[in-house]
Structures are given as C-alpha cells and as structure tokens.
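All remarks here apply to the structure that follows.
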Amino acid sequence: MQEVKNKKIKKDIHLDAPFHVTGKTKYIDDLPELEGTLFAKVFDSSCAHGKLISVDTSKAEELEGVFAILTAKDVPGVNQIGGIIKDEPLLAETDVHFMGQPVALVLAESEEIAHEATALIHAEYEQLEVIVDPKEAYAKGSMLSNSRTFSLGSPDSAFAECAHVFEGKADSGGQEHLYLETQGAYAIPRDQGGILVESSTQGPTAVQRVVAAVLGLEMSKIEVNVNRIGGGFGGKEDQASLWAGLAALGCFVTGRPVKLILERHEDLRMTGKRHPYRSDYKIGLDKDLNIVAFEASFFQNGGGAADLSTAVLERTLFHGTNSYFVPNVRMTAHPCKTHIAPNTAFRGFGGPQGMFVMEAAIHHAARELGVSPWGIQKKNLLRDGNEFSYGQIVENSEANRCWDQAHGDFDFLKMVEEVEEYNHSQSLSKKGLAIMPICFGISFTNTPMNNARALVHVYGDGSVGVSTGAVEMGQGVNTKMVQVAALMFGLPYDRIRLETTNTSRVANTSPSAASATADLNGRALQDACRQILERLVPLAAELLGGADEKQISFSNEMVFLDGNPTELSWDDLVAKALLLRLNMSAKGHYSTPVIHFDKEKEKGHPFAYHVYGTSIFEVTVDCIRGTYDIDSVKIVHDFGSSMNKAVDLGQIEGGLVQGIGWMTLEDLQYDKQGRLRSHTLANYKIPDVYSIPEDIQVKFLNTDHDNLAILRSKAVGEPPLMYGIGAYFALTNAILAFNPNANIPYDAPMTTEKILMALYSA
Amino acid sequence: MIRFILNDRTISVPLQDSAKATLDFIRKERKLKGMKLVCKEGECGACTVLVGDFESGRLVYRSMTSCIMPLANAHGKHLLTIEGLDMEGLTKVQRAMIDQSGTQCGFCTPGFVVSMTGALLTGEEVSMKNMVKAIDGNICRCTGYKSILRACESVADDWNDSVPSIEQLVEAGYLPDYFNTIPAKLEKIKNQSLQSNGLKRAEGIKLGGGTDLYVQKPRQMYTSAPDHMFDKPELNHIELNGNVLSFGASVTMGDLYRSAVFNDALPGNEEFFKLLSSSQIRNMATIGGNLVNASPIGDFTIFLLGLNADIELTDGKSTRRLPLREFYLDYKKMNMRDGEHLTNILIEIPDFSSSYFNFEKVSQRKYLDIASVNSAALIQLQNDKIAECHISIGGVGPTPKYLNKTRDFLLGKILDGNTLTKALDVLQSEISPISDPRGSADYKRLLARQLFLAHCLKINSEILDVSSLITPA
C-alpha cells in the first residue's frame, strides 16, 4: 500500500487549473453576447398545487423592450420534458404541481426589462391540496410510479429466530446542489433551421432530445455544445434540459439568440434537489451480533414530477444494506409524489439515503444492547462470495481490508481510549466517535446507459484532438481523458487538445453521472486511439525496415522498437501516414461487458465493480451551546490504482465535505404551502472553510487486481460523499456521552438546534 | 465623475452610475468576465475584488464582494479584479492553487485567488491564520477546502509572518509590475469627494457599504440616487476621550477590527469579530448600518447593547444623544425622527479589573451565518455582588433586546448557582421568540438560557453542575 501525505502534492495536476486561476475559463454567462440577443426570464407558479385558471400577460407585453411572452400554447412540438416518465410539461398547461414551475417565458431586450415584465404577469390558480410529506403522499395514494421491492432469503422466518429485533424510523433531509454556476443556456439560430444550444448540462444528449421534442424537430437539427460547467453534482443531469428547452423555444419562435441564466434565488426555488427520505426499518441480530435479517420501507419525497426519481429510488435499494452482508432482506421503496420542485440526481443518487437507514438501524441496535456500533459493523462486513439483495455475488471485496487498515493505521483503539478519558474529565464538552464503511456499485443501474463514444483526430503536425461524451464539471475528467490519450500515443499532455462536449461530434451519449464517466469515455477513447495505432504500427514497422509490429511502441513523441527509441518520431510518422492517405481519425466505442439486470425479478449483475472504503470520525460537541467541531476524519479508500492522485484526492475531500454538509448543516425547509423557506444563501448554509474537519487524512489503498475501471483507476466521484454519514453518528455519540438518556430521533441533518435540544432532552 | 483605477488604468464613470453594483459594471460594461456572479447576496465571495487605498500613508487593500458593492465606493481607489493579476506566467498565488489542486470546477476560483492575494496586501503579517481569514467569505462546493488551505499554507510559508511591501510582492512574482505605479496614480485621483466632483447630496436613501440594501432591494438601489455615507469624512473617526470610546457611523466592522484604539480600549474581541460575517462583508458593512437596520439579530447591535452604548443622532441642526437601549421601539421601528441620521456611537469603557464582558452567538453554521440567538453581557462584581450589569439578547423578540428585568433582579445579588437559576426564569419572562428558519421558539428559549449560562460560566466555570439542567426522565 502506498501512503500519500496529503500535504503538497505536486506530481499530478488538474489540467484546467491554469485557466481557472486566471479567470480565463469561459462559462455560458461569460460568452460574448451576439447581436440581437434576447434575454429570457421565467414566470413561475406561486401555487404548489392547483388548476391553472388563467395567465394574464397583457400588462407585461405593453412594456417597452418586451419582445414576446410565451406560454404552453406557443410550444410547437410536444410540451413535455419528462426523461423517464412523461409527466412534466416545459410550460404549465392546465395545472401546476410545485411552486417554481415555469408558466410563461418572457423575452426582452435586456435582463432588467425581462425582470420588470415578469413582475407584471398575473396568473390565477384554483388551489388544490398541497402535500410535502412523502408518508402523507403514500397514505393518500399520491405516487410518481410503482413501488419496488428487493428481497433475499426468508426475512419473515429469519426475524422469528432472531435473538434481538429492533424497529424504528430514520429520516434524512434533502440537499441543494449549490453548483456555483446557476442553470443556464444560450440558444443561437443556425442556418437551415438548426439551433445551437450552449448548455450548462451534464447530459448534452438529454438536452438535445428535449429541445428537439419540444420544438417538433429532429435531433439532427439541434447541436448541443458544452464547454464545461461550473459544478453539477447531479443537478444538471436531467434538469438542465428545462432551461435549454426554454431558451431554444424562445430562439425558435423569435429567430434571435436567446440567453437564459437563472439568478441564484430562482435556481434555489425552481430546481429540484437531493430527495428527502422518510424510512421505517426493522433489524434482527443473532446472539453473536450477526445481522440476520433486515427490513426497510423507504418513502422518497419525489416532488411534483418524476424526473429521475424512479432511478434514484432503485439505487436506494441497491445500497440499502451498505457494506454488510445480510442473508435475509426485504426492502421496499415508494416514489411519492409531493408538491415541491421535482427532486433529482445528487451525488450518490439515492444510495446515501439508503445507507443512512442501515447505519441508523445498527446504531439503534448497539444503543439498546449496550455495545459499540463498530462491533456490529465489523462483524457483518461483506466478504467474497456473499450475495447482495439484488443477486450480484461479491467479488474482490475490500470492505475488511479498508476497515482493518483504518483500525491499524489510525490506531482506533487508542482513539477510543482517549475519547473516553476526555469525556470522563470534561463536563462542558464531549467527544464522539463513529466509523462509516462504504460500498458503492459502479455503473448506471439502467444497463443500456453503460456505453460511450469518443472521436480522435491526429492532425498533420502530430497534435491530437479528442472529443468524448464526458462533461467536465470540476471532477477532472478532461484531465483523465488527456492522460488516456497521451498514454496511448506516447505524447506529452500538451499535445492533446480536449475539445468541448458536442452532440455533433459525439452522439447518443449518456450523461456525465454515476461516477462512471471516466471509465466509459476513457475506454471508448482507448478504442479510438487503438484504431489509429493499428493503422500507424504497420507503417512504422515498414519505415523501420520491416521490424516486428509487436515490438513497436510509442513514448516521448518517438517510435520505440523493442523498448528502445528509434530515429522515427511521432510527428514524422504521422506526416508520412497522411501522405500515404491513411485515415488519422477514429471513432471509438465502449459498452460495459458482463452487466445485466432483470427488473421483473429484481436480480442480476448490475455493477461493473464496487468501490469500498472506511472512514473514522471524531467530533467534539460544546454541551453549553450545542455547537461542535469535527476534529478529524481518517479514511482508507479503495482507489484501485489511481491514475491521478491529485484529482482523486480532491474528489475524496470534496465529496466527504459535501456529505458532512448534507448530514449536519444543510437544512432544506418547506412550509405547509410547499414554499421553500431556505431560499437564499443567507438561509441555506453549505460548509465554509471553518466548518470542515480540522484534520482530514486519506490513505490510498491500492487494489491492483483487474477491474473494469479505466487504467484500473476506480471511479471516485460519488462514493466519498457517503463517508459524511459518519458525522451524524459521531455527533449522536457525543450527545449520548453527555446525556445517556437523550432522545435523539434518527433525523438528519443533525443541526445545532437538534444537538442542543437532544443534549437537554429526557 | 467617479474616478478610480481599474486594474492598471484610471477610468471615469458618470455620476449617475454611482449606485450600480460594481460586479455588473465590471462584467457587463467593462466585459471583464473573470469575476463570477453567483449569489448577489455577498454570501459566497465568487465576485471578490480588492479595493486599494492609502491608510496611514501605506497603500493597503480590502477585499469586498462586488455583487453588492455600490460603484461609488470605488471612487478614488484602486479596484482590482482577477484580470488585474495577469502577467507573464502566473502569480505565485495562482501557481500555488495549481500545484495544490485548489481548483476543480473553477467557478469560485478567481474569487479565491483575489482573496488570497488580498491577504498579502492588508498591511498585516502574512500568516496562515490571516490567509484563512482572507478566504472566510469564499465558498467552494467542489474541493472541501483542504487543497485550497494547502495552497494558503504554501503562500504563508513564503512570507513567514512578515508584512511584505508592494515592491517586494512584485519582485517575488506575487503581483504584476504595474503595481509599482499604482501609488503615484492613486495620488493623482485621491482627495476628491464625490460632492466636489459634482454629486448633489441627494435627499435619498443613506448608503454606506450596501451590504443589506443591495441584498434586500438590489434593483431599486441600482437606479437610485443615494446619499453616500463614505463620502463624509466626519463619520469615519475612531477615538478615545478619557474613558469614552467614540466612533462614527460609517466606520466599518473591519475598521474597528483593525483599530488599535478600539482593541486597546476593548481587548479580547478576536472571536467576536470572527463571528461577524466574513472578511469581505466586514470591510464593507458600517456599524451605523448595522444599528439602523434594526434587525433583532444584528451582531454588532447586540454587542453594543451589552456594552450599554450610547448613540448620537442629528438632523443637521441639532444633535441628541440617547442610550442605544432606548432606540428600538418595535420591529424595525426606531426612536429616530424624520430627517435624522445616526452620526456617532459612544461606549463608556468599563473597569475591566472588576467587570466581565462576553459575547455569545450560536448559528446553524458557526461562522458566516446569521445568529439563531446572540447575546452580550457586561457584569461588574464588587465584593462578590453584582454591582452593575447589562445583558442584551437577539433573535428572541421583535427588537434587539436589552434585558431590563433580568438586570434589576441581578443587581446586588451574589453571582452563584441559586441566583443564576432564578435569573433564568426572569430572563424567560422577558423574551418572546417565534419559530422561523433560524430555529423553533422552543430552541431559542433553550438557547437563551444556555447563552446566559455561558456568560456566567466565563466568570465562574463551576457556578453550576451543567448536567443538572438535563430534563429529568
């Protein structure tokens, strides 16, 4: 195992960084505005659930500088943007299902005029019953789709034989993505009826499909271009399509470029977030603390339209037992329709919500039994040959290796001792510990999405242009793609140009999501590079006087023979190839082998591989004020064989802190009318520089056996978010050190309010 | 005209643009797209600019969030955006951010680079603590900050607690060469008030840093003709006369934070200032603005109420002085007549050999957040008895609250567990919290108890067995 000291890593870098630090990187709002550009503003519903009686735009239309105001009747194609279930109009037609739902689109000569006009629009609604609680929705039959159940073994008979059975509830709150760049799109008319859409999206193809459908055009007429996005985290996987669709509608109707950039408060109000969940659990253990049976009902707060909820729901079931083997399982998940903005993908995609429930159940059992939670956790970690509730058999489990390494390297027993001593000697503050192991499956759980393509051009001067379906959103995928191409051709990074993500160059892409972007696109890119090399190698062999093709390789911009440099440079070889009229471009393709899943039986082998890890949390709670510090988080993470330690460490640290935010600070509040009360950054707090753990240590567990990851460098985007769950339980344990009888419902986030109330509760 | 140096050149802007948001000006009119618009609330720092001016003869820079900064506040100053750091190669701050992978999606990055550069230009020593303080108003959603902190550390290591001069920073590759010409350029444009430049003193709204007005009603502000408070030198003093500390209404929180006069008179308030918003906002927000905003939860208001400060108001003809505790009448209603404005704040410095002063604040996020409840207390003991006390508390009623009844109860009593327990009952009878996004009414009542307890624990850490306060099962 290779240890990386987190301080001062200079070896690997994020190749976009020089442009970011000088402010030269261009996001949509930074693009020069074309002549004639109109500025769009959305008039949205102020009613969370109701019939749309009328929309009066007459006053707004009279305003000087207003170009047009569009409503549902102006949509030339299908007024429908739903990705999985067709239940969401572009613009509301007869009814509204959440506050913030777009009703009309104002197009004006300036942003200021558009804003003024929007305030002059008046809509009337017939108010219908508003539901914001998923359990209430379930009771009233308000559902987005059917419920799903994963099961294994015979839970009913297993519970009957358990020595200990505990039942309870565990709820987790939503989470605002707070990508720093708000949603936006810029639609530009093209010759012959085409439209170019510059979109801040993780899913260019989804945008292309939606824009084409709402305009009644074929997809070939729509070119979607994504230079990069200023953060996504899942929030721009499907939900970018709405704003792109509106901008494109404006462009189509007026024939002018239309720019639509949401203001922050609009983005907060109108877009969906991580799904809040309410859940019931039942856990059964034998006398040796083996978890024998587990049952859970997940009530997902889906919001006013399905969006990606059903897919998110599925992943909750996949990860409902986290890193543990449970032989008898029944988990049912309900996608509940409520009247808040449609909730959507967010890093972890339902997995975190499921894992939280499992961890709550274990904590509950440990508290009742007077044992440590980590005793139960350790005993039940996944081993090779175990079966997941969905039928996949565990291979290459790193659960125990990560756990044991963390225990040893960070001397967990000593931590326990020191915390006990501290708590014994201090009366005004208490410390708490928690361990959070993770196991996360890599692949889109919707098997057909697991494919990608890449386009590679080798130009006459030997430089290389690469296009893939991957969208750079900070996760460093562009850097990884450059690394892949550079390695294939033996070129330095600066000879590889990574192009924008563009549907005219790479079509039918899956969104950059599910942590799988580098794996899928990287392998497609390898395929494209391989095709070009297959044309170049015979030529190189010939130029080297009939050398053995098998002995040819490329490195340092030179052709190598039998591991040694020759006189033949890459550039000369390429120049020669072009003279000989060889094709120096290639389109690569990759589809993940092995995976399959039968949604009827709810069984299969949906994941290419799993990522494992263990984190140890230590916190200190101020028992007077209810405030806290996260003293340390110590992690052993299964990276496979990291291809870029700087980028991968950034994903661990960033994901961890985002997960801690979800579990502690980030408190989405809705009132009974369905209004988001935490609707500004003054009211919704994400971690700042002072809220993060004082000490974060990440150890790279190298698990070098073959896997389906790109260059054996395992997917790293989502898994670390779930480490954050440890913060919740460490805080809980600190509260219990102060007040052993504290009443602490499992109800995340653990805010300062909940901490103080629990500290002094009966 | 408004005149200032934008990056490397002096520019003039018509006076009617004085209330425009600086970020809109630099992005839309100057087409400098490096600074990003993210929140328009001053909450995230992605639009951070540096504003340079002479202070005590030295050119120093203050970071500000340009999204809520009135353009007039750049008048006579050097305004620096990320583009103003362009040079051959990269600056050392930029290099550190690259080397430590302090950037991912990049949207917050220019703001961080500007804030970190600002840490070198404050006239204070470049230490890790000051580097972190410089980015306390910058939000990043990608990195989890650790890599950015590593970049801060490498910068701090370079300067080793020294206070670098501009020449040294240019020499070391932290600033482009043109910075050496800024002092001379600035000399040419300073000392011209907006009024002398032709601005008619408007009857309009009194505008200081804009940190509340530009959040509450940005669009009205952009086109308004405000009365610019920073244009009045008479409101900018900080001075100690005998044992009375007085300062003008347009003194900023940052001015006080850095003021030797203030810190000598009222020592030990480092943590208090850290709890006040962010560096950027402290550099913009005025104390007067905090007071006349009349928020029931204003941190500085509660701080000053706890010190039993006085304020001075003037209508231009006559001036009156009244205790701050008599200023707040009802929600956002003040004892202020038409045409009056706040000029001065006066604090009688307590005798710290017998007095204890403490400020407490609890919010959802520890820093850079609005309090759920905040409180300040000044308690003077003589022969173990409470000779005088002033206790303020915010977030538990329609106004910033001065606890009269609790004070009356405490006067003359020995500060022990018994007195404390009874005082807590009186305190509860004086407050009327409501449930809102900052917490439920029950929570705020509990917090009010705890913060008063915290004040007392600071005086006597064994005043009470805290676990006795746990609700019995």
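Checking each residue in the stretch B:103-123 for being more than 7 Å from chain A (Cβ to nearest Cβ) and more than 16 Å from residue B:283 (Cβ to Cβ) picks out only B:112. Just one of (1) within 22 Å of the chain's Cα centre (by Cα); (2) surrounded by fewer than 24 Cβ atoms within 10 Å (Cβ to Cβ) fails for residue A:436. It is (2). Of the residues making up the stretch B:62-102, those that are more than 14 Å from chain A (Cβ to nearest Cβ), more than 17 Å from residue B:35 (Cα to Cα) and not hydrophobic (A, V, I, L, M, F, W, C) are B:73, B:75, B:76, B:77. Of the residues making up the stretch A:694-731, those that are within 11 Å of chain B (Cβ to nearest Cβ) and either part of a strand (DSSP E or B) or surrounded by fewer than 24 Cβ atoms within 10 Å (Cβ to Cβ) (or both) are A:694, A:695, A:696, A:697, A:698.
Each row is one residue, and each column tells you yes or no for (1) within 11 Å of another protein chain (Cβ to nearest Cβ); (2) touching a His at 6+ places or on another chain (Cβ under 9 Å); (3) surrounded by fewer than 19 Cβ atoms within 10 Å (Cβ to Cβ); (4) modelled with pLDDT of 95 or more.
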position: B:125; (1), (2), (3), (4): no, no, yes, yes
position: B:139; (1), (2), (3), (4): yes, no, no, yes
position: B:143; (1), (2), (3), (4): yes, no, no, yes
position: B:156; (1), (2), (3), (4): no, no, no, yes
position: B:160; (1), (2), (3), (4): no, no, yes, yes
position: B:181; (1), (2), (3), (4): no, no, yes, yes
position: B:188; (1), (2), (3), (4): no, no, yes, no
position: B:206; (1), (2), (3), (4): no, yes, no, no
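Residues in the stretch A:182-231 that are among the small types (Gly, Ala, Ser) and under 28 Å from the mean Cα position of the chain (by Cα): A:184, A:185, A:187, A:199, A:200, A:203, A:206, A:212, A:213, A:230, A:231.
Restricting attention to the stretch A:461-479, and to residues there that are within 16 Å of residue A:19 (Cα to Cα) and polar (S, T, N, Q), which single residue is nearest to the other protein chains (Cβ to nearest Cβ)? Looking at the filtered set, the residue picked out is A:475. Surrounded by fewer than 23 Cβ atoms within 10 Å (Cβ to Cβ), in a helix (DSSP H, G or I) and among the basic types (Lys, Arg) - does that describe any residue in the stretch A:471-490? No, every residue in the stretch A:471-490 fails to be surrounded by fewer than 23 Cβ atoms within 10 Å (Cβ to Cβ), in a helix (DSSP H, G or I) and among the basic types (Lys, Arg). Figure legend. Inter-residue proximity from the stretch A:15-37: first residues facing another protein chain (nearest Cβ under 10 Å), second residues hydroxyl-bearing (Ser, Thr, Tyr) and open to solvent by less than 20 Å² (accessible area, probe 1.4 Å), beta-carbon distance below 6 Å, spacing 6+ or different chains. Indicated pairs: A:15/A:479; A:17/B:103; A:19/A:25; A:20/B:103; A:20/B:109; A:21/B:109.
The number of residues in the stretch B:168-177 being more than 20 Å from residue B:130 (Cβ to Cβ) and open to solvent by 40 Å² or more (accessible area, probe 1.4 Å) comes to 2.
Residue A:151: in contact (Cβ under 8 Å) with a residue 24 or more places away in the chain, open to solvent by less than 30 Å² (accessible area, probe 1.4 Å) and either within 29 Å of the chain's Cα centre (by Cα) or within 14 Å of chain B (Cβ to nearest Cβ) (or both), yes or no? Considered against the rule, which asks whether it is in contact (Cβ under 8 Å) with a residue 24 or more places away in the chain, open to solvent by less than 30 Å² (accessible area, probe 1.4 Å) and either within 29 Å of the chain's Cα centre (by Cα) or within 14 Å of chain B (Cβ to nearest Cβ) (or both), residue A:151 comes out as no.
Just one of the listed residues (A:333, A:365, A:311) is in contact (Cβ under 8 Å) with a residue 24 or more places away in the chain, aliphatic (A, V, I, L, M), part of a helix (DSSP H, G or I) and within 25 Å of residue A:282 (Cβ to Cβ), namely A:365. Does residue A:337 qualify as being modelled with pLDDT of 95 or more, in contact with a His (Cβ under 9 Å, 6 or more places away or on another chain) and surrounded by fewer than 24 Cβ atoms within 10 Å (Cβ to Cβ)? So residue A:337 does not fit the description; no.
Of all the listed residues (A:674, A:659), the sole one being more than 9 Å from every other protein chain (Cβ to nearest Cβ), in a helix (DSSP H, G or I) and in contact (Cβ under 8 Å) with a residue 60 or more places away in the chain is A:659. Just one of the listed residues (A:667, A:648, A:688) is open to solvent by less than 10 Å² (accessible area, probe 1.4 Å), part of a loop (DSSP other than H, G, I, E, B), at negative phi and within 14 Å of another protein chain (Cβ to nearest Cβ), and it is A:688. Quick one: is residue B:147 facing chain A (nearest Cβ under 9 Å) and either touching a residue at least 60 places away in the same chain (Cβ under 8 Å) or crowded, with 24+ Cβ neighbours inside 10 Å (or both)? In short, yes. Taking residues in the stretch A:168-190 that are free of Cβ contacts under 8 Å to residues at least 60 places away in the same chain, and partners anywhere that are surrounded by fewer than 24 Cβ atoms within 10 Å (Cβ to Cβ) and assigned to a strand (DSSP E or B), the pairs with Cβ atoms closer than 8 Å and at least 6 places apart or on different chains are A:190/A:196; A:190/A:223.
Tell me, yes or no, whether the stretch A:163-176 has at least one residue that is within 26 Å of residue A:20 (Cα to Cα), open to solvent by less than 20 Å² (accessible area, probe 1.4 Å), modelled with pLDDT of 95 or more and not hydroxyl-bearing (Ser, Thr, Tyr). Within the stretch A:163-176, one or more residues are within 26 Å of residue A:20 (Cα to Cα), open to solvent by less than 20 Å² (accessible area, probe 1.4 Å), modelled with pLDDT of 95 or more and not hydroxyl-bearing (Ser, Thr, Tyr).
Only one of the listed residues (A:119, A:114) is in a helix (DSSP H, G or I), among the aliphatic types (A, V, I, L, M), at pLDDT 95 or above and open to solvent by 50 Å² or more (accessible area, probe 1.4 Å). That residue is A:119.
Assess whether residue A:421 counts as being acidic (Asp, Glu) and touching a Phe, Trp or Tyr at 6+ places or on another chain (Cβ under 7 Å). No; evaluated as a whole, the condition is false for this residue. Going by the conditions given, is residue A:586 buried (at least 19 other Cβ atoms within 10 Å of the Cβ) and of a type outside the set (D, E, K, R)? The answer is yes for residue A:586. Take the conditions open to solvent by 40 Å² or more (accessible area, probe 1.4 Å) and in contact with a helix residue (DSSP H, G or I) (Cβ under 7 Å, 6 or more places away or on another chain) and apply them to residue A:209. Does it pass? Considered against the rule, which asks whether it is open to solvent by 40 Å² or more (accessible area, probe 1.4 Å) and in contact with a helix residue (DSSP H, G or I) (Cβ under 7 Å, 6 or more places away or on another chain), residue A:209 comes out as yes. Here residue B:444 clears all of (1) touching a Gly at 6+ places or on another chain (Cβ under 8 Å); (2) basic (Lys, Arg); (3) away from chain A (no Cβ under 14 Å) except the condition numbered (3). Being open to solvent by less than 10 Å² (accessible area, probe 1.4 Å), out of contact with any Leu (no Cβ under 7 Å at 6 or more places or on another chain), part of a helix (DSSP H, G or I) and more than 7 Å from chain B (Cβ to nearest Cβ), is that true of even one residue in the stretch A:628-644? Scanning the stretch A:628-644, I find no residue that is open to solvent by less than 10 Å² (accessible area, probe 1.4 Å), out of contact with any Leu (no Cβ under 7 Å at 6 or more places or on another chain), part of a helix (DSSP H, G or I) and more than 7 Å from chain B (Cβ to nearest Cβ), so the answer is no.
Among the residues making up the stretch B:97-123, a single one is open to solvent by 10 Å² or more (accessible area, probe 1.4 Å) and outside any loop (DSSP other than H, G, I, E, B): B:99. Taken over the stretch B:52-69, residues that are touching a Leu at 6+ places or on another chain (Cβ under 6 Å) and either under 23 Å from residue B:206 (Cβ atoms) or among the basic types (Lys, Arg) (or both) amount to 2.
The values are calculated or read from the model by the stated rules, or taken from the named source; none is laboratory data. Nothing here was measured: the structure is a model prediction, and the numbers come from that model. Ideal geometry is used to build each Cβ from the backbone, glycine not excepted, and the neighbour counts take in all protein chains shown. Each accessible area value is taken on the protein alone, full model and side chains, heavy atoms only, with ligands, DNA and RNA left out. Shrake-Rupley method; radii C 1.70, N 1.55, O 1.52, S 1.80 Å.
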